[in-house]
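J.: Sharing a structure below in structure tokens format, with a few things to ask.
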Amino acid sequence: MYKHTQFGWFIWGLLAWIASFVGVAWVLTGSNVAIVGFLSLLLIMALLFGTLTVQVDDEKISWWFGPGVFKKSLRFEEIKSVKPVINSWSHGIGVRITHDGWVYGVNGFRAVEFTLQDDTQVRIGTNQQRKLTDLMEEKVTIQEK
């Protein structure tokens with residue numbers, strides 16, 4: 001069993017930067033419902049999308065943001081191939097559909113790309129690219145036999 005959670009430094013940093021401007025507004029104008037509400041929204045966004053967890057068990061790979069947002073999974077028999085890739089800036093962070101298929105990531109450019117039996121592609125960002133790639137290649141190869 002493999003389970004790894006990647007912390008989204010970029011997401012947390014960006015939201016903290018935005019919160020600093022809201023903090024200045026709080027100091028200049030005083031507390032009000034709009035400022036408190038916006039700061040609360042930033043905190044909720046950070047908690048929901050600030051981490052990406054990838055888990056591999058005996059049957060499937062699963063991944064989700066924060067406490068379980070956008071939870072997805074793929075059974076090994078659905079996967080045709082696995083390879084390490086480097087995402088470009090256009091792939092972004094969070095959940096996106098791009099010219100390469102679905103992309104899930106919170107930080108950095110390294111990802112593992114899964115090509116499914118129907119040729120759909122899914123990229124999952126990770127800071128343990130080699131470890132996840134090796135594990136998934138082994139699991140997918142076992143399923144082919």
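Just so you know, all these numbers are worked out from the coordinates, no wet-lab data involved. Computed from a predicted model, the values in this text were never measured in an experiment. Cβ coordinates were reconstructed from backbone atoms using ideal geometry, including for glycine residues, and neighbour counts include every protein chain displayed.
J.: About its Cα centre, what dipole magnitude does the chain give when the only charges are +1 on Lys and Arg Cβ and -1 on Asp and Glu Cβ, stated in debye to the nearest 20?
T.: 320 debye
J.: In addition: Scan the range 39-145 for GluC sites (Glu not before Pro) in coil per DSSP, keeping those whose Cβ has at most 15 other Cβ atoms within 10 Å, and list them by number.
T.: GLU59
J.: For the range 61-145, report the % of Cα-Cα distances exceeding 18 Å.
T.: 39 percent
J.: List, largest first, the extents of the alpha carbons of the range 1-42 along their principal axes, each in whole Å.
T.: Principal extents (largest minus smallest coordinate, Cα): 51, 16, 9 Å.
J.: Would you mind calculating the relative contact order of the chain from Cα pairs under 8 angstrom and at least 6 residues apart, reporting the percent as a whole number?
T.: About 21 percent, as a whole number.
J.: If you line up the long axis of helix 129-144 against the longest principal axis of the chain, both from Cα atoms, how many degrees apart are they, to the nearest 10?
T.: The angle comes out at about 40 degrees.
J.: Ratio of the range 1-126's C-alpha Rg to 2.2 N^0.38 Å, to two decimals?
T.: 1.26
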